[in-house]
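Q: Can you read through this structure? Questions will come right after.
Taken together, the values in this text are just the output of simple stated rules run on the coordinates, not laboratory data. Predicted, not measured: the structure shown is a model, and the values here were computed from it. Reconstructed Cβ throughout: ideal geometry from the backbone, glycine too, with neighbour counts over all protein chains shown.
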Ligand SMILES: Nc1ncnc2c1ncn2[C@@H]1O[C@H](COP(=O)(O)OP(=O)(O)OP(=O)(O)O)[C@@H](O)[C@H]1O
Ligand SMILES: O=c1ccn([C@@H]2O[C@H](COP(=O)(O)O)[C@@H](O)[C@H]2O)c(=O)[nH]1
């Protein structure tokens, strides 16, 4: 059997993808399918660090957050990612995967704080590390957290698992004429203002020479194909 293309990856899981077809929240079948994909990769010996988004929960509270102080709303968003991280780790436990949740904001009765050497130790031990609460700072996103943590743990690539199957010339959910890039440079993605990830995340990965693969987490087998280095999604590179 062929070997995975990477030893250590940073997987960014879209919070919104966790909703499945529900209007918000976590869809049980969807999280179980996602975790089955993750488990398949973890069981091959690939070291997995995960950053989870919060769009599925934060979207549900967004109307109530209207007019709120931006930083306060952002802290709510970060707390939403903690809930997703807990759900994800628990779902992994059900399939025999040991996961450790580490939070960027202090919430020690619930999850342990992010401590880089500890995260590296867990990865070396074969545990899946789930980074919660993004970067711990308002005005950022979990995509930037993925770029940051990916750099910190020396991941070979950031795998952005989302609801679309790659980077398009425009948002494919809004523009039916948008076409898919097989690969694109960071500079092009930033210059074209492609909204699939924020510019801060692109710039950090570019500066750290950390490639990104954007692919669909809803497509069966896509995560495994990406990890095996097969042709799937869009590669964003220097
Ligand atoms: N040029 C583009 N190519 C591909 N997708 C694009 C583009 N522009 C905008 N998008 C949109 O970007 C979205 C990225 O969604 P994703 O859920 O991963 O983002 P996120 O903000 O990190 O999510 P969450 O907050 O739920 O974690 C896609 O669903 C897609 O509709
Ligand atoms: O470093 C961060 C990460 C996230 N936030 C806030 O959380 C929500 C949810 O994150 P997504 O990346 O959209 O999934 C985000 O909209 C921010 O409000 C943050 O402030 N800092």
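Q: Over the chain, what is the percentage of antiparallel beta bridges among all DSSP beta bridges, to the nearest 5?
A: 10
Q: At 0.692 mPa s and 37 °C, plugging the Kirkwood radius over alpha-carbon pairs of the chain into Stokes-Einstein gives what diffusion coefficient in µm²/s?
A: D = 185 µm²/s.
Q: Quick one: grab the alpha carbon gyration tensor of segment 82-123, order the square roots of its eigenvalues as a ≥ b ≥ c, and give me rounded if a/c is under 1.5, else prolate or oblate depending on whether a/b is larger than b/c.
A: oblate
Q: Here's another thing I want to ask about it. Suppose each label sits 7 Å from its Cα in the direction of the beta carbon; what would the residue 177-residue 124 distance come out to in nanometres?
A: 5.5
Q: Bin width 10 Å, alpha-carbon pairs only: give the P(r) of segment 1-134 as whole percents, running from 0 to the bin holding the largest distance.
A: P(r) over segment 1-134, rounded to whole percents: 13, 41, 33, 11, 2, 0.
Q: Order the peptides 28-41, 178-191 from the highest to the lowest mean number of other Cβ atoms within 10 Å of their residues.
A: 28-41, 178-191
Q: Right, here's the next one. Between residue 7 and residue 238, what's the calculated FRET efficiency when r is the beta-carbon distance and R0 is 35 Å? Round to 0.05.
A: The computed FRET efficiency comes out at 0.95.
Q: Take the alpha carbon gyration tensor of segment 62-167, find the square roots of its eigenvalues, order them as a ≥ b ≥ c, and report rounded if a/c is under 1.5; if not, report prolate when a/b exceeds b/c, else oblate.
A: prolate
Q: Build a GNM of the chain with springs between Cα atoms under 10 Å: which of 99, 132, 87 gets the top mean-square fluctuation?
A: It is 87.
Q: Right, next: Quick one: length gained pulling residue 94 to residue 224 fully straight, 0.36 nm per residue minus the C-alpha distance? Don't skip to the end; give the middle numbers.
A: Working: separation 130, 0.36 × 130 = 46.80 nm, distance 2.02 nm.
Extra length from residue 94 to residue 224 when fully extended: 44.8 nm.
Q: While we're here: So if R0 is 22 Å, what FRET efficiency would residue 231 and residue 137 give, r being the distance between their Cβ atoms, rounded to the nearest 0.05?
A: Working: r = 36 Å, r/R0 = 1.65.
Working from the Cβ atoms, E equals 0.05.
Q: What distance in nm separates the simple spin-label points at residue 112 and residue 72, each placed 7 Å from Cα in the Cβ direction?
A: About 3.4 nm, to one decimal.
Q: Next question. Take every Cα-Cα distance within segment 172-238, group them into 5 Å bins from 0 onward, and report for each bin the whole-number percent of pairs it holds.
A: 3, 16, 26, 23, 20, 11, 1
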